[in-house]
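*Asks:* Below you will find the structure I want to go over with you.
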Amino acid sequence: MDKIVIESGQSLEGEVKISGAKNAALPILASSLLTDGQCTYHNVPNLRDIESIKQLLSHLGAKVESEGDVVWIDSSGLYNHEAPYELVRKMRASILVLCPLVARLKKARVSLPGGCAIGARPINFHLKGLESMGAHVELEHGYVNVSVKNLKGAEIYFDIPSVTGTENLLMAAALADGITILRNAAREPEVIALIDVLNQMGADIKGAGTSKIIVTGVSSLKPVSVKIIPDRIETGTFMVASAITGGDIKILDCEPDHIGGIIDKIKLSGSEVEIEDKSTIRVRGTDEIKSIDIKTLPYPGFPTDMQAQFMVLMSVARGTCIITETIFENRFIHVSELRRLGADITISGNIAIIKGVTALDGAPVMATDLRASASLILAGLVANGATEVSRVYHLDRGYEYIEKKLEKLGAAIKRVK
Ligand code: EPZ
């Protein structure tokens, strides 16, 4: 298994280009199942999770080809309604094929995704929504079996604004008979991006970016050629990289409108942030990082996917702060690894109290989930001596060539087999 070794001491300077957003690409690639023509997707990031969903779509009968950051998917030949455990367990976002399969083939048999390091990750909202649209849903032997004569429009209320729950049910509603209203729906930019693609395919969806989405079902959807939006979490991760090393980084091909919550907190922690144009921001770190409290919330609040990265910044800030994680019940697993690097963090339920230390100490650490692994890389940039991060396959799920991008900014970082 690969490891990444980082020597500290460099202030990162220069330019970095942001890749396409993993969490936009996954539902959008799954939406290719809704039409029987060839769809073309540009700016698709080269990630393990993208490989996983391409493999799953091929398994279902779609023709999947890719070259560079372009992916072509033609699901005219879709014939298999089953997504098996050995494919789904590799990536729980595989659940995003469930509703397109039901919408297109009127049936689906998808392995339950199971939990992951950060939480139980149930899919009850997805299943309840399908049942309210008339589908028959049953669970057996770790699979969910869904069948329906014809999906019909329904009123669906989310107890929690689930991102993939909203995305899955949007794809079912797009081809249902009648009108579906999603209330307390997710407002993330990735949900808006999926709605834009579905509307370009001929769907009739109103309310993107609000918590009430109205879908008027249509009889069929047509293939499209679209570009994936930039990854706001990768953007935020490089903003922290500049803030924590006192660097000066220009972040290109990003979407400043999607990271208001992150910009606010990076500024409050002492860095300068300039929006240079509609796709470029510049972050200049300071040598005195201020401790500030954060609370993760559904968009447009501070994103849970940035919590671990921000915690690292706070671990070397001047003062004490509180980080409250409100989305996932177990998203502090990076804390024990950060403590190995000398961070002073106390956990009480879903609250972490971070007392800034003057310096972290490099050590061997282990990645446990995607965003935790990014936080360990960020810590390595400033921890005295060498930091060795193992199990970096977690990192490869969601960050495209991160060590190459950091090296180009001056980091002393290398991947060792
Ligand atoms: C999406 O996960 C993202 N993944 C996650 O990113 C992100 O952390 C999360 O949204 C929150 O922003 C993708 O988009 C592929 P949720 P998702 O459904 O949709 C509960 C990363 O690092 N819930 O919005 O699975 C759930 O337990 C990943 O890129 C139910 O109870 O998250 C959680 O507490 C990690 N029942 C809350 O809702 C359901 O049916 C929010 O989960 C669904 C969710």
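*Asks:* When only residues in the range 300-359 that are touching a residue at least 24 places away in the same chain (Cβ under 8 Å) and of a type in the set (Lys, Arg) count, which is farthest from the ligand (Cβ to nearest atom)?
*Replies:* Keep residues of the range 300-359 that are touching a residue at least 24 places away in the same chain (Cβ under 8 Å), which gives 300-331, 333-335, 337-338, 340-345, 350-359.
When the remaining residues are screened for being of a type in the set (Lys, Arg), the result is 318, 331, 340, 355.
Numbers: Arg318: 29, Arg331: 8, Arg340: 22, Lys355: 26 Å.
My answer is Arg318.
*Asks:* Moving to a separate point now. Looking only at residues that are closer than 13 Å to Cys99 by Cβ and in contact (Cβ under 8 Å) with a residue 60 or more places away in the chain in the range 133-169, which one is nearest to the ligand (Cβ to nearest atom)?
*Replies:* Ranking the qualifying residues of the range 133-169, first place goes to Thr164.
*Asks:* I want to confirm something. Restricting to the range 274-299 and keeping residues that are in contact with a strand residue (DSSP E or B) (Cβ under 6 Å, 6 or more places away or on another chain) and aliphatic (A, V, I, L, M), which single residue is farthest from the ligand (Cβ to nearest atom)?
*Replies:* Among those residues, the one meeting the criterion is Ile275.
*Asks:* Hey, could you check the range 27-72 for residues that are of a type in the set (Val, Ile, Thr) and open to solvent by less than 30 Å² (accessible area, probe 1.4 Å) and say which is farthest from Ile229 (Cα to Cα)?
*Replies:* Restricting to residues being of a type in the set (Val, Ile, Thr) and open to solvent by less than 30 Å² (accessible area, probe 1.4 Å), the top hit is Thr35.
*Asks:* If Lys222 passes every condition in (1) open to solvent by less than 20 Å² (accessible area, probe 1.4 Å); (2) farther than 22 Å from Arg371 by Cα; (3) touching a residue at least 60 places away in the same chain (Cβ under 8 Å) but one, which one does it miss?
*Replies:* Answer for Lys222: the failing condition is (1).
*Asks:* Go over the candidates Gly356, Gly385, Gly362, Gly398 one by one and state the one that is open to solvent by less than 70 Å² (accessible area, probe 1.4 Å) and either on the phi > 0 side of the Ramachandran plot or in contact with a His (Cβ under 8 Å, 6 or more places away or on another chain) (or both).
*Replies:* Gly385
*Asks:* Given the condition surrounded by 24 or more Cβ atoms within 10 Å (Cβ to Cβ) and either part of a helix (DSSP H, G or I) or within 16 Å of the ligand (Cβ to nearest atom) (or both), answer yes or no: does some residue in the range 1-17 qualify?
*Replies:* Scanning the range 1-17, I find no residue that is surrounded by 24 or more Cβ atoms within 10 Å (Cβ to Cβ) and either part of a helix (DSSP H, G or I) or within 16 Å of the ligand (Cβ to nearest atom) (or both), so the answer is no.
*Asks:* Taking into account only those residues within the range 73-113 that are small (Gly, Ala, Ser) and within 12 Å of the ligand (Cβ to nearest atom), which is least open to solvent (accessible area, probe 1.4 Å)?
*Replies:* Step by step, filter the range 73-113, then rank; the result is Ser94.
*Asks:* Okay, next question. If I ask for residues that are open to solvent by less than 10 Å² (accessible area, probe 1.4 Å) and either within 22 Å of Asn43 (Cβ to Cβ) or within 16 Å of the ligand (Cβ to nearest atom) (or both), which ones from the range 206-219 would you list?
*Replies:* Ile213
*Asks:* With touching a strand residue (DSSP E or B) at 6+ places or on another chain (Cβ under 7 Å) and of a type in the set (Ser, Thr, Tyr) as the only criterion, which of Ser31, Ser8 stands out? Give the steps one after another, and end with the answer.
*Replies:* Working: Ser31 fails: touching a strand residue (DSSP E or B) at 6+ places or on another chain (Cβ under 7 Å).
Only one candidate passes the filter, namely Ser8.
*Asks:* Which of the residues spanning the range 187-215 are in a strand (DSSP E or B), under 16 Å from Ile156 (Cβ atoms) and free of Cβ contacts under 8 Å to residues at least 60 places away in the same chain?
*Replies:* Listed by number, the residues that qualify are Ile205, Lys206, Lys212, Ile213, Ile214.
*Asks:* Go through the range 144-186 and give me each residue that's touching a Gly at 6+ places or on another chain (Cβ under 7 Å), part of a strand (DSSP E or B) and surrounded by fewer than 19 Cβ atoms within 10 Å (Cβ to Cβ).
*Replies:* Lys152, Asp177, Ile179
*Asks:* Kindly state which helices (runs of 4 or more DSSP H) lie completely within the range 358-413 and contain at least 3 residues that are over 22 Å from Arg282 (Cα atoms) and not hydroxyl-bearing (Ser, Thr, Tyr).
*Replies:* Helices (runs of 4 or more DSSP H) meeting the threshold: 370-380, 393-398.
*Asks:* Only one of Glu276, Glu329, Glu288 is closer than 19 Å to His258 by Cα and open to solvent by 10 Å² or more (accessible area, probe 1.4 Å); which? Step through it out loud before you land on a result.
*Replies:* Numbers: Glu329 fails: closer than 19 Å to His258 by Cα; Glu288 fails: closer than 19 Å to His258 by Cα.
The match here is Glu276.
The values are calculated or read from the model by the stated rules, or taken from the named source; none is laboratory data. Computed from a predicted model, the values in this text were never measured in an experiment. With ideal geometry, Cβ positions are generated from the backbone for all residues, glycine too; neighbour counts draw on all protein chains shown. To get the accessible areas, we keep the full protein, side chains included, count just its heavy atoms, and leave off ligands, DNA and RNA. Shrake-Rupley method; radii C 1.70, N 1.55, O 1.52, S 1.80 Å.
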